[in-house]
Amino acid sequence: MDQALAPIARKVEAGQRLSAEDGRVLLHARDIWTIGELANLVRRRRHGDAAYYNINRHLNYTNVCALSCKFCGFYRKQGQDGAYEYAVEQIAQEARKASSGGATEIHIVGGLHPYLPFSYYTDMLRAIRAAAPKMHIKAFTAVEIVHLARIDKRPREIGQVLADLKEAGLGSLPGGGAEVFDDRVHDQAFKGKIRSGQWLQVHRTAHELGLMSNATMLYGHVESLEDRLHHFMLLRDEQDYALEHQLPARFQAIIPLPFLPDGSDLKHLPGPSGLENLRLLAVARLLLDNFDHVKAFWIMQTLPLAQVMLDYGADDIDGTVVWYDITKVTGGTTHQQVDVPSLRRAIVEAGYRPVERDTLYRRIERHGADWRVLEDEPELLISSDAKP
Ligand code: V47
């Protein structure tokens, strides 16, 4: 073992919180084996041999975006070739299809469309609710929420936007749009987007309103290791706030997203390597001791690496997905689907027990496309003695 890791190993074994300095050591250490082993210890304490997945669909309602983030190959300008926006009826139709295919969740995000009115978003949620009443709607990043607060003639409060969306059917917020919480990186790679303070404020407001959310970090472009550490620390502080103030909701999962350069203005950059992906995911598990879940999003990590990540701190590999437009791994098609037997096989082969969950990490009992939430099951998640 790298001797610099020995004191950290002792803390992890004793269930003590790691410091920012420990995080710095972990991010610079070359001994990926020890880091993985420690992350796996934490993961197994919390989740045993369970590995979660869900049956979901992603839907990107528009690629028209007022921003021009350099890492993004998805956005188009209004009127540009390939620009699109879905009509509400089309979205409802997709939701109906997803629901009859057995999906428990629809995950909806899109660009910052300059002309769609606020009613488009509430109509969309109501139409999905009507078409697929059981399906959980996880939708709109913090960036979209701030945009929605600004689009009407009279600007709204973030709390009011979230309350209106919740009333129309919104179930939770996804973790996107966080990128890297640093002003230099912000100005270099996603100028014009909301900054960290606003992103965190939207999530805090969501938590106050009882909307669970996730958090991401898009790494492997122009940020430094120190920036990654700072990002994790801000997320940990925000989660401490939610827990200490006993807010009705909190972050559920951290999802490290490796930058995929293809099609973006930063395509000259190599993107992170497999080892970097493993290390960062493991460090997320070790530093974010107040997050229940670490997700290896297989669409971006690839399924083979997501399998390995189950041994490096991940307990969740997201879902069946089907259509994913934001990144197309190796420039391929947007049709990115894995069927349930293949997902489960990947988990079993890695030595874990596949557990189907809903968006809120409750266990699902399934008979074909028919399913129910096992409400009475004690949450399979963290036992109180597993908490640091
Ligand atoms: O916010 C954009 C990222 C995010 C690229 O909450 C890119 O369960 C890599 O947030 N390379 C959207 N990443 C995806 C997202 C997400 C995914 C899965 C599950 C959940 C969840 C959330 O994708 C964006 C941005 O950070 N992204 N371009 C790119 N070239």
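The values are calculated or read from the model by the stated rules, or taken from the named source; none is laboratory data. Quantities reported herein were computed from a predicted structural model and do not represent experimental measurements. As a convention, Cβ positions derive from the backbone with ideal geometry for all residues, glycine included, and neighbour counts pool all protein chains shown. All accessible areas refer to the heavy atoms of the entire protein, side chains included, with ligands and DNA or RNA removed. Shrake-Rupley method; radii C 1.70, N 1.55, O 1.52, S 1.80 Å.
In the set 102, 159, only one residue is among the small types (Gly, Ala, Ser), open to solvent by less than 10 Å² (accessible area, probe 1.4 Å) and more than 16 Å from the ligand (Cβ to nearest atom); that residue is 102. Selection within the stretch 108-126: residues that are more than 20 Å from residue 155 (Cα to Cα) and not in a loop (DSSP other than H, G, I, E, B). The member of this set that is most open to solvent (accessible area, probe 1.4 Å) is 126.
Restricting 172, 119 to those that are within 12 Å of the ligand (Cβ to nearest atom) and modelled with pLDDT of 95 or more reduces the list to 172. Comparison of 243, 269 shows that the only residue that is within 12 Å of the ligand (Cβ to nearest atom), farther than 19 Å from residue 35 by Cβ and open to solvent by 10 Å² or more (accessible area, probe 1.4 Å) is 269. Only a single item in (1) in contact (Cβ under 8 Å) with a residue 40 or more places away in the chain; (2) touching a Ser or Thr at 6+ places or on another chain (Cβ under 9 Å) is not met by residue 157, and it is number (1).
To keep it simple, each residue is scored yes or no on (1) of a type in the set (Phe, Trp, Tyr); (2) modelled with pLDDT of 95 or more; (3) more than 28 Å from residue 224 (Cβ to Cβ).
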residue	(1), (2), (3)
263	no, no, no
285	no, yes, no
295	no, yes, no
308	no, yes, no
322	no, no, yes
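Out of curiosity, is residue 291 of a type in the set (Phe, Trp, Tyr), modelled with pLDDT of 95 or more and within 14 Å of the ligand (Cβ to nearest atom)? It is true that residue 291 is of a type in the set (Phe, Trp, Tyr), modelled with pLDDT of 95 or more and within 14 Å of the ligand (Cβ to nearest atom). Within the stretch 47-93, can you find the residues that are open to solvent by 10 Å² or more (accessible area, probe 1.4 Å), farther than 30 Å from residue 292 by Cβ, in contact with a His (Cβ under 8 Å, 6 or more places away or on another chain) and assigned to a strand (DSSP E or B)? Within the stretch 47-93, just 85 meets the criteria. When residue 186 is tested against (1) part of a loop (DSSP other than H, G, I, E, B); (2) within 13 Å of the ligand (Cβ to nearest atom); (3) free of Cβ contacts under 8 Å to residues at least 40 places away in the same chain, only condition (1) is not met. Those helices (runs of 4 or more DSSP H) of the stretch 204-301 in which at least 1 residues are under 16 Å from residue 316 (Cβ atoms) and of a type outside the set (Lys, Arg), considering only elements entirely within it, cover 274-287, 298-301.
When 251, 259 are checked against the criterion of being open to solvent by less than 20 Å² (accessible area, probe 1.4 Å), in contact with a helix residue (DSSP H, G or I) (Cβ under 6 Å, 6 or more places away or on another chain), at pLDDT 95 or above and within 16 Å of the ligand (Cβ to nearest atom), 251 stands alone in meeting it.
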